[in-house]
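K.L.:
I am attaching a structure below and will ask some questions about it afterwards.
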Amino acid sequence: MKIAFYDTKDYDKIWFEKYLPEFGYEVSFFESRLNEKTAVLAAGYDAVCLFVNDDLNKEAVDVLYKNGVRVVLMRCAGYDKVDLKACEGKLTVLRVPSYSPTAVAEYTLAMALSINRKTHRAYVRTRDFNFKINNLMGTTIKGKRVGIIGTGKIGKEAARVFGGVGMEVVGYDMYPDEKSGIKYVSLDELFETSDIISLHCPLTKESKHIIDKDSIAKMKNDAILVNTSRGALIDTKALIDALLEKKFRGVALDVYEEEDEYFFEDKSDEIIDDEELIRLMSFPNVLVTSHQAFFTDESLQAIAEVTLNNLRAYEKGLPLENEVKHK
Ligand code: NAD
């Protein structure tokens, strides 16, 4: 079978190229992201392999289908940019539901610790031989409360790592897992009582802007907010307004509502025209990273292995454990 691989970066190839001889699939690596215009590149291929910011909208689905593509291999867990309804009856969508929840959870803790103890600022200072520590004071987090929103695979790992540094863990989930050992509270209680709030639910109609003006108003003034899930869980404008009013000890974002145009790319020589992104970056208590929470050697290996096994299962007519369908 032939795979058209979109939005390729050098690191994507490392594990795919190792596993490909074993599977015998032919792959063309394209740098372009998938959208309705670039979908035609996949003409004559059986499958497309996509990442988080590829845009599989209805038009792109139609172009792929018309050109013979039948399988979509998401090399990630999230599929919020896939029009599953449009795929129905045309494209089978397979994903990697869990490549390393631990990697994302560990990174979440790293961001929370960094924004609290301001290591990102200390690094810049000492690089310039400025060894003053004023304004770098943090708070001890042992015994404080972390609120985990979304207690699925990543949320549970986040609960474990935050618990590991002595924090009291509470969670909120639309479908609580009573066997998880996590103490569940209402969303309001989580907002009102947490010192760190960490987002781990997927982006859906219900969860879009779960962090907005109203929910921010309920939070402690010195709360730390961490988002390693999806940018649009937070209403960026409301967040900026709150930061301007000196709300939050700090905010750590590995994802951003309008990240598509910027994240994963080098824009250092360009004029950035996203005013909200510029504003966010200007706050000393905001740390922005470029969707890298998943980015470990182990994750990339698991992504390649599961993605290629997904195609093998499709090819051999085996049960498709990792299929996602329109509900
Ligand atoms: P999962 O499906 O195992 O868990 C998601 C949990 O969120 C479930 O328990 C679900 O019931 C809950 N949920 C759904 N809607 C909710 C809502 N409105 N409010 C509260 N809870 C809700 O998913 P996962 O593997 O834990 O991944 C979670 C998310 O993390 C993904 O959807 C993806 O957006 C993000 N992610 C980010 C990175 C990164 O590198 N930054 C990597 C992988 C995944």
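K.L.:
Being farther than 21 Å from Ile211 by Cα and within 9 Å of the ligand (Cβ to nearest atom) is the filter here; which residues of the stretch 154-165 pass it?
P.N.:
Once the filter is applied, which keeps residues that are farther than 21 Å from Ile211 by Cα and within 9 Å of the ligand (Cβ to nearest atom), the stretch 154-165 yields only Glu157.
K.L.:
If I ask for residues that are more than 13 Å from the ligand (Cβ to nearest atom), surrounded by fewer than 18 Cβ atoms within 10 Å (Cβ to Cβ) and part of a loop (DSSP other than H, G, I, E, B), which ones from the stretch 166-194 would you list?
P.N.:
Matches in the stretch 166-194: Gly166, Gly181.
K.L.:
For Glu192, state whether it is of a type outside the set (Lys, Arg), outside the structural domain of Asp12 (by TED's automatic domain parsing) and more than 23 Å from the chain's Cα centre (by Cα).
P.N.:
When the stated conditions are applied, Glu192 passes them.
K.L.:
Run down Ala242, Ala223, Ala232, Ala159 and say which single residue is small (Gly, Ala, Ser) and more than 22 Å from Ser114 (Cβ to Cβ).
P.N.:
None of the others qualify; the one that does is Ala232.
K.L.:
Something else now. Counting just the residues of the stretch 10-67 that are of a type in the set (Val, Ile, Thr) and assigned to a helix (DSSP H, G or I), which one comes out nearest to Thr307 (Cα to Cα)?
P.N.:
Ile14
K.L.:
Would you mind stating whether Lys325 is closer than 27 Å to Glu157 by Cβ and either in contact with a strand residue (DSSP E or B) (Cβ under 9 Å, 6 or more places away or on another chain) or not assigned by TED's automatic domain parsing to the domain that holds Tyr79 (or both)?
P.N.:
yes
K.L.:
Quick one: which helices (runs of 4 or more DSSP H) sit completely within the stretch 201-309 and have at least 1 residues that are touching a helix residue (DSSP H, G or I) at 6+ places or on another chain (Cβ under 6 Å), within 16 Å of the ligand (Cβ to nearest atom) and at pLDDT 95 or above?
P.N.:
Values: elements: 213-218, 236-244, 275-282.
Once the helices (runs of 4 or more DSSP H) in the stretch 201-309 are filtered for at least 1 residues that are touching a helix residue (DSSP H, G or I) at 6+ places or on another chain (Cβ under 6 Å), within 16 Å of the ligand (Cβ to nearest atom) and at pLDDT 95 or above, what remains is 213-218.
K.L.:
With the checklist (1) out of contact with any Leu (no Cβ under 8 Å at 6 or more places or on another chain); (2) of a type in the set (Gly, Ala, Ser); (3) crowded, with 23+ Cβ neighbours inside 10 Å in hand, flag the one item Gly163 doesn't pass.
P.N.:
Answer for Gly163: the failing condition is (3).
K.L.:
Limited to the stretch 217-248, what total is found for residues that are closer than 30 Å to Ser98 by Cα and not basic (Lys, Arg)?
P.N.:
Counting residues in the stretch 217-248 that are closer than 30 Å to Ser98 by Cα and not basic (Lys, Arg) gives 14.
K.L.:
For the condition surrounded by 15 or more Cβ atoms within 10 Å (Cβ to Cβ) and under 22 Å from the mean Cα position of the chain (by Cα), what is the one hit in Glu276, Glu298, Glu305? Write out each step before concluding.
P.N.:
Working: Glu276 fails: surrounded by 15 or more Cβ atoms within 10 Å (Cβ to Cβ); Glu298 fails: surrounded by 15 or more Cβ atoms within 10 Å (Cβ to Cβ).
Residue meeting the stated conditions: Glu305.
K.L.:
Within the stretch 139-146, identify whether any single residue is in a helix (DSSP H, G or I), modelled with pLDDT of 95 or more and within 16 Å of the ligand (Cβ to nearest atom), and answer yes or no.
P.N.:
no
K.L.:
Residues Val71, Val27, Val48, Val63: which one is buried (at least 19 other Cβ atoms within 10 Å of the Cβ) and farther than 24 Å from His326 by Cα?
P.N.:
Val27
K.L.:
Only one residue in Ile234, Ile210, Ile240 is in contact (Cβ under 8 Å) with a residue 40 or more places away in the chain, under 19 Å from the mean Cα position of the chain (by Cα) and assigned by TED's automatic domain parsing to the domain that holds Val255. Which one?
P.N.:
The unique qualifying residue is Ile210.
The values are calculated or read from the model by the stated rules, or taken from the named source; none is laboratory data. Just so it is clear, the structure is predicted and the values come from calculations on it, not from any experiment. Cβ atoms come from the backbone with ideal geometry, glycine included; neighbour counts cover every protein chain shown.
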